[in-house]
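Each value in this text was obtained by applying a stated rule to the coordinates, not by laboratory testing. Keep in mind the model is a prediction, meaning the values are calculated, not measured. Here the Cβ positions follow ideal geometry from the backbone for every residue, glycine too, while neighbour counts run over all protein chains shown.
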């Protein structure tokens, strides 16, 4: 069809259609996070904008806000599957009142690791980043979408579900971790092998949908989760769990004791998975994980937090 054959009304409607489908305005980020300054950062974050475009384009604006508030993500990392504790974490989350809505295996590559923790690794050493790369190279993890079992828009006390789940997750420092936390259930031994990741607030839920999933995967995950969110029954996620276990069988958490010599970096990336996992565990105890010269903060609250104090 020649463009000249179309009337001005047709062109106007076409422009409106393109805008509705592909140029969705970002949300009011201050509605999705209470952290001072974070809304301004996320308004310029490409993954945050992409995640919102998928949610709002698929569910509509108001339902997109509701989805972000009523759900949380959990990435059960490869170390949880290698340590054979992933199933225990899933059971503990359900026992704490959370209900799974959808799940799929997710493998993050080196760049995905850096994107996921772009705002949280300001204290990380280069050794810690190498350990994260080795972790990702072990195999896939499992991404699960959860809601609170109450079925309300927010968890008890008016909290978004992501805030409640992150509190249950527990600290990454094993010495200060609550004994009833999910990381305690997972047997996380230190700041490097934390076993699971959850978003801190609804803004992170939106952003991380785009970090973990491409466009087609994201659409299917949102479809499944929103369908189960409208009901009362948990989603069946056993098939997704088995798919991860088929690629990364449970190995158990090996002893940190490796007499004789320190771990060499090449041991983390070459050889059978059992040897790489043992080297990763040993290196996670021996290598420096925190720097005393952090990168610049992204929002004011980060300046007030230090893992050294």
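Structure notes:
- Remark: relative contact order (the chain) = 28 percent; criterion is Cα-Cα distance under 8 angstrom and separation of 6 or more residues.
- Distance between the 7 Å Cα→Cβ label points at residue 299 and residue 269: 3.4 nm.
- Gain on full extension, evaluated as 0.36 nm per residue between residue 247 and residue 61 minus their Cα-Cα distance, stands at 63.2 nm.
- Value of Rg to Rh for the range 161-229 (Rh from inverse mean 1/r over Cα pairs, i.e. Kirkwood): 1.06
- Principal-axis tilt of helix 61-70 within the chain, Cα atoms, nearest 10 degrees: 20 degrees
- Both numbers refer to the Cα atoms of the range 79-197; Rg and Dmax are 14.7, 43 Å.
- Going from the residue with the fewest nearby Cβ atoms within 10 Å to the one with the most, 164, 261, 176, 110 rank 261, 176, 110, 164.
- In nm, spacing of pseudo-spin labels at residue 159 and residue 28 (7 Å Cα→C-beta vector): 2.4 nm
- Degrees, to the nearest 10: 273-286 long Cα axis against longest axis of the chain: 80 degrees
- Taking 45, 40, 133, 204 and counting other C-beta atoms within 10 Å, the order from fewest to most: 40, 133, 45, 204
- Extension gain from residue 224 to residue 44, taking 0.36 nm per residue of separation minus the Cα-Cα distance: 62.0 nm
- Simple spin-label estimate for residue 238 and residue 285 in nanometres, 7 Å along Cα-Cβ: 3.6 nm
- The range 101-133 and the range 170-185 have Cα centres lying 20 Å from one another.
- Calculated mean residue ellipticity, 222 nm, the chain: -14000 deg cm²/dmol, from DSSP H runs (n ≥ 4) at -39500 (n - 2.57) each, averaged per residue and rounded to 500.
- Ascending count of other beta-carbon atoms within 10 Å, so fewest first, for 281, 41, 115: 41, 115, 281
- Using alpha-carbon coordinates, inclination of helix 215-229 to the longest axis of the chain, degrees: 90 degrees
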